[in-house]
Amino acid sequence: MNTPSKKFITFLSRLSLTGIIILGGFHFSFAFYITGVAKEPKKVAVKTFAEEIGKLSANNFYIYIQSDKKVIPPEVIKSWFEPYTRSYSGKEDIRVSSEKVETYLDSITTSVNIQPINAKFTLVDGKAQDFTPSVYGQSLDVKASKKVIINAIINGHSEATLLVKLVEPAITLDRVNELGITTLIGRGESDFSGSPPSRIHNIKVGSAKYNGTILKPGEEFSFNELLGEVDAENGYQSELVIKRGKLIYEYGGGLCQVSTTLFRSAIMAGLPILERKPHSFPVRYYDPQGFDATVYPGVVDLRFKNDTPGHTLIQSRIEGAKLIFDIYGTSDGRKVVLEGPLQHDQKANGSMKAHFIRKTYQGDLLVKEERFDSSYGAPAPLERNSLE
């Protein structure tokens, strides 16, 4: 009996091993096939976005802003789409316009954004009292919210939650001691003796709006911006005001007593005056003439700037028939000297001109000299004590 050679046995061993591997592979492939994995993949047709527009914009779309829910009707959603040509196929299609969504979000920011409210306090004998805590504001994150809306629409969702950022107040109660409000830097006074009750009421309501106002270094003050709406809902009564050179009844008559007194305190504090306009004709409440400032919401404003090295605090009070505004802050050594007001060019009909000069010193050095002019027409025919 012939014995197989060693090489032949090795060959059979390898062949057997290979066969097992092949068979195993064949068995695996067969099993793979019968489970359905190896079936021919199902083909899904790629639809154009235009085919889905009808579905996407047939119903209302909802956006959530904090706890508020806002409905966006289908016609608005449709207005956000724009035609375009696909780069890879050359076919016409429709897509969501990023610019149109952003324009819409910009249009609702006024109803979403809320300005933070700084903490307020009054100084009594050099100590801060009567604290009013600060309130956080909020601001719509337009860029991030735009992406949220577009992604929601593309994915066929019917709602999206917009992103709103909290805005921290510049002045909080825990920072009061860091503000540097240590010195009385300017005081203004005016006398409203003889004013009717409605005028006195408006002066009290209006002056309270500014009590405790704090300005950061470099911040601008706007009388109208802080004033808000002047109507019955905000506590004002109807009284005579000067409008287009005539006396008419409107809510808030007497507010110019407030703006005039605040103007005088800003002048004495040496603060830069950015906007100021005198009255149309002389008003006895503002004697001496030439030292007044009229305001009218949306038309005429009183504006000045805090250019001191620290924060400034505006504080109002009423003593008898006198309205007083004090401005506290950090003294930088400036001193203010007034020349006037002086009246001139007075005529028989009551018209006149007036001016005063403000000189600002640092020590004995004159660093600035400014002239403030006023021109008044003849008083209105109706003579009453309720003038602005």
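Determine whether segment 355-378 contains at least one residue that is part of a strand (DSSP E or B), closer than 30 Å to Thr122 by Cβ, hydroxyl-bearing (Ser, Thr, Tyr) and assigned by TED's automatic domain parsing to the domain that holds Leu271. Looking through segment 355-378, at least one residue is part of a strand (DSSP E or B), closer than 30 Å to Thr122 by Cβ, hydroxyl-bearing (Ser, Thr, Tyr) and assigned by TED's automatic domain parsing to the domain that holds Leu271. As a summary of the residue check, Tyr251 satisfies the conditions (1) touching a helix residue (DSSP H, G or I) at 6+ places or on another chain (Cβ under 8 Å); (2) under 29 Å from Leu173 (Cβ atoms); (3) modelled with pLDDT under 90 except for the one numbered (2).
For segment 83-102, what are the residues that are closer than 20 Å to Ile149 by Cα and not in a strand (DSSP E or B)?
To start, the set of residues in segment 83-102 that are closer than 20 Å to Ile149 by Cα comprises 83-84, 93-102.
Scanning segment 83-102 gives Ser97, Ser98, Glu99, Lys100, Val101, Glu102.
For Glu178, the requirement of being within 29 Å of the chain's Cα centre (by Cα) and acidic (Asp, Glu) is met.
Each residue in segment 193-222 was checked for being buried (at least 20 other Cβ atoms within 10 Å of the Cβ), over 26 Å from the mean Cα position of the chain (by Cα) and outside any helix (DSSP H, G or I), and 1 pass.
Does Asp141 count as touching a Ser or Thr at 6+ places or on another chain (Cβ under 6 Å) and surrounded by 11 or more Cβ atoms within 10 Å (Cβ to Cβ)? Against the criterion (touching a Ser or Thr at 6+ places or on another chain (Cβ under 6 Å) and surrounded by 11 or more Cβ atoms within 10 Å (Cβ to Cβ)), Asp141 does not qualify. For Lys70, the stated conditions do not hold, so it cannot be described as assigned by TED's automatic domain parsing to the domain that holds Asn151, at pLDDT 75 or above, over 30 Å from the mean Cα position of the chain (by Cα) and under 17 Å from Ser107 (Cβ atoms). For segment 363-383, taking the residues that are surrounded by 13 or more Cβ atoms within 10 Å (Cβ to Cβ) and farther than 21 Å from Glu275 by Cβ, the one that is modelled with the lowest pLDDT is identified as Ala380. If only residues of segment 223-240 that are assigned to a strand (DSSP E or B) and either acidic (Asp, Glu) or free of Cβ contacts under 8 Å to residues at least 60 places away in the same chain (or both) are counted, the one that is surrounded by the fewest Cβ atoms within 10 Å (Cβ to Cβ) is Ser238. Taking the criterion of being more than 15 Å from Phe372 (Cα to Cα) and part of a loop (DSSP other than H, G, I, E, B), the residues of segment 262-303 that qualify are Ala269, Ser280, Phe281, Pro282, Val283, Asp287, Val295, Pro297, Gly298, Val299, Asp301.
The values are calculated or read from the model by the stated rules, or taken from the named source; none is laboratory data. It should be emphasised that the depicted structure is a prediction, and the values quoted were computed from it without experimental measurement. All Cβ positions, even for glycine, are placed from backbone atoms using ideal geometry, and neighbour counts span all protein chains on display.
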